[in-house]
Each structure stands twice: as structure tokens, then as C-alpha cells.
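Please read the structure below before turning to the comments.
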Amino acid sequence: MKYKTLTHYLVEQQREHQSIDPELRLLLEIVARACKSIGHAVGKGALGGVLGSLGSENVQGEIQKKLDVLSNDILLEANEWGGHLAGMASEEMTTIHRIPNRYPKGEYLLLFDPLDGSSNIDVNVSIGTIFSVLKAPAGAEGRDIEEADFLQPGSRQVAAGYAIYGPQTMLVLTTGNGVASFTLDREMGAWCLTGENIRIPEDTKEFAINMSNMRHWAPEMRRYIEDCLAGQDGPLGKNYNMRWIASMVSDVHRIMNRGGVFMYPWDAREPEKAGKLRLMYEANPMSMLIEQAGGASIDGTQRILDIQPEALHQRVSVMLGSKNEIARIAEYHQQ
Ligand code: P6P
């Protein structure tokens with residue numbers, strides 16, 4: 001069976017939707033190619049000498065894995081010469097990355113978590129790359145891009161996606177006109193369109209959360225999970241299943257395919273931080289994908305895509321997935 005390639009899909013999307021200009025198409029194809037390289041390095045594992053930690057910490061205070069830094073470098077090097085970007089930002093870099101003066105600059109901003117779930121690398125559990133695309137503010141072309149230019153609400157994203165490095169290597173992408181998924185043909189090195197107009201089931205009986213943190217959650221989150229655990233005799237009237245892969249890309253990919261809710265809520269251990277996950281390059285891109293697939297994504301009280309960022313590495317409480325279950329969770333937070 002012949003599959004449409006990513007290029008074919010993007011050219012058709014470009015024709016159909018004026019929102020995709022050639023520069024954005026180039027950006028997405030370059031990011032997709034970089035994800036192939038990352039997936040290739042991940043797939044080598046011990047044979048590639050890329051497992052284990054570097055002994056350094058990133059801006060988040062997390063131990064950097066060799067593959068974290070390698071993946072970050074792959075994305076930087078792949079994107080800085082193309083003339084489509086004004087700048088980049090990454091979970092692995094303290095400050096923004098400006099395009100070197102030897103290269104032309106473009107109007108897009110690329111933000112990414114180059115390798116999410118990296119605590120799973122050494123135990124061969126699926127991990128992924130998450131990316132978000134914004135437009136540089138009007139007037140930025142005549143000056144150096146600044147960190148403040150990146151601090152736009154997620155509703156301003158023009159594209160978002162993730163690659164998941166699992167039994168299959170897949171790319172899941174939106175440019176604001178629905179969600180499409182591509183499976184990597186590893187022999188040809190081509191991204192093949194294997195899913196289009198992906199829709200998340202509006203109801204679910206499956207939740208994803210790290211239960212070991214239960215004693216640290218806000219009361220309303222504890223109450224919701226206790227009611228889920230009460231099963232069909234409890235207030236929610238149904239038996240729930242639980243999944244927790246500790247790799248956001250993998251948990252979100254499952255929800256994309258069969259529904260569910262994923263939560264990383266506020267936690268009393270670091271009350272000044274809204275949660276563990278980062279707004280700009282984890283929650284925002286995943287929230288755009290989830291909403292484009294008919295799901296919902298909130299921080300407990302508001303739509304994540306409406307949050308006005310105040311800092312590049314700002315964290316946020318995340319509850320996303322099947323629309324009707326997220327509405328139920330929101331009710332617990334309004335009581
Ligand atoms: P915990 C991975 O480090 C990550 O950022 C997400 O991918 C994942 O959902 C979460 O942290 C796992 O956190 O506390 O369960 O290890």
C-alpha cells in the first residue's frame with residue numbers, strides 16, 4: 001500500500017490552508033528529519049555509547065543524560081542554517097539560542113524538549129521529542145530576538161508535534177487544522193501518513209498519574225482520584241483503569257489513540273512551582289495537539305493554552321485528555 005509522505009501531506013495542507021507558508025513547511029520537514037536522527041541515536045542504545053548520564057545538570061536541576069544533550073545539539077544544528085527561524089529555546093538550555101549572524105533569520109520561533117522522558121532511556125521504555133512553533137512578534141526582524149519574544153500564550157502556536165521513539169517511530173503533528181500521524185519507514189527513511197484527523201474519545205475509564213505523589217496533591221485532586229478508585233459503586237459510577245509510563249509523550253500518545261486523561265498536578269513538595277511539567281515546550285504543544293483532536297487541557301482551573309507565560313522555563317499543573325473527563329475534573333476544582 002502506498003502512503004502519502006510528510007512532504008506530500010504538508011504540500012496539500014499548504015494548498016488548502018493559507019496558514020502554512022513555505023517557511024513553516026521547511027521548518028516542519030527539518031524538525032521531522034532531526035527527529036529521525038534522534039530516533040536513530042536512541043535506537044542504538046548501548047551500542048552507540050549514548051546511554052547514561054553526563055554528570056551535569058540542566059536549568060531544571062535535572063541530571064542530563066548523554067542523549068538529552070545529543071538530541072538538543074541535533075535540533076540546534078538542523079535548524080540554525082535554514083533561514084526560517086528567528087531563534088530557538090529548549091528544556092536543555094538556560095537561555096534562548098539566537099541564530100548565528102552567518103545565517104539568514106526567519107519569522108518563526110522553535111521551542112522543544114529534545115528528549116522527554118529521558119529517565120526511561122536506560123531501561124528501554126519509549127521516549128520522545130516535543131516541539132512547539134510560534135511566530136516572532138512583528139518588528140522583531142530588525143533586531144536580536146529576546147526571551148520575552150517567546151513568552152506568548154499557547155493559543156498563538158502555529159504548529160506543534162511530538163516524535164515517539166518506541167516499537168514504531170512515529171511523528172504526530174498539527175498545524176491548526178486537525179492532527180495527523182506518520183510512521184517512519186525505517187528502510188526508506190520516509191515519514192508515512194498513517195493517521196489523519198485523529199479524534200480522542202470524549203469519555204474514558206482510564207487515568208494516568210503518578211500515584212506515589214498522592215499525599216502531596218491538593219485536596220480536590222485527591223478527591224477525584226479517590227472517586228475513580230471507588231469504581232462503579234462510587235460517585236463516578238464506573239471502574240477505572242490506570243496507566244503511568246513516566247514518559248509524557250508515551251502517555252499522551254496512548255490518549256491520542258484510545259482516550260484517557262493524563263495529570264501531573266500541583267504538588268506540596270514544591271508549592272511555589274505549579275507542577276513538574278514545563279509550560280512552553282511540554283504543556284503548550286501537547287495541549288494544542290489534544291485540543292485539535294477534540295480533547296481538553298487545563299491547569300485545574302483554566303485552559304492551558306490561555307496562560308500568559310511569565311518565564312521561559314515556567315512550570316504548570318497539567319490535566320489533559322478526553323473532553324468529558326477533563327470537564328469532570330474541572331468540576332472538582334470548582335467545588
Ligand atoms: P515522574 C519525564 O521526566 C517527565 O518530564 C514526563 O515525561 C513524565 O510524564 C514525568 O516527567 C514523569 O514524572 O515524577 O513520574 O518521574
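Residue 128: open to solvent by less than 10 Å² (accessible area, probe 1.4 Å) and under 18 Å from residue 257 (Cα atoms), yes or no?
When the stated conditions are applied, residue 128 passes them.
Where residues in segment 299-335 are within 14 Å of residue 285 (Cα to Cα) and in a helix (DSSP H, G or I), which of them is farthest from the chain's Cα centre (by Cα)?
306
Look through segment 244-275, keep the residues that are under 22 Å from residue 148 (Cα atoms) and not small (Gly, Ala, Ser), and return whichever of them is nearest to the ligand (Cβ to nearest atom).
273
What residue, among those in segment 96-117 that are surrounded by fewer than 24 Cβ atoms within 10 Å (Cβ to Cβ) and closer than 30 Å to residue 45 by Cβ, is farthest from the ligand (Cβ to nearest atom)?
97
What pairs can you find where one residue is in segment 186-215 and hydrophobic (A, V, I, L, M, F, W, C), the other is in a helix (DSSP H, G or I) and within 16 Å of the ligand (Cβ to nearest atom), and their Cβ atoms are less than 7 Å apart, with a gap of 6+ or different chains?
Partner pairs satisfying both residue conditions: 198/256; 200/255; 200/256; 200/290; 208/251; 209/225; 214/225.
In this structure, is residue 293 within 11 Å of the ligand (Cβ to nearest atom) and of a type in the set (A, V, I, L, M, F, W, C)?
Judged against the criteria, residue 293 is not a match.
Can you go through 231, 176, 189, 237 and tell me which one is surrounded by fewer than 14 Cβ atoms within 10 Å (Cβ to Cβ), more than 16 Å from the ligand (Cβ to nearest atom) and outside the structural domain of residue 289 (by TED's automatic domain parsing)?
189
The values are calculated or read from the model by the stated rules, or taken from the named source; none is laboratory data. Please read all numbers here as calculations on a predicted model, not as lab measurements. Neighbour counts are summed over all protein chains in view; Cβ atoms, including those assigned to glycine, are modelled from backbone coordinates with ideal geometry. The protein model used for the area step is the full one, side chains on, heavy atoms only, and it has no ligands, DNA or RNA in it. Shrake-Rupley method; radii C 1.70, N 1.55, O 1.52, S 1.80 Å.
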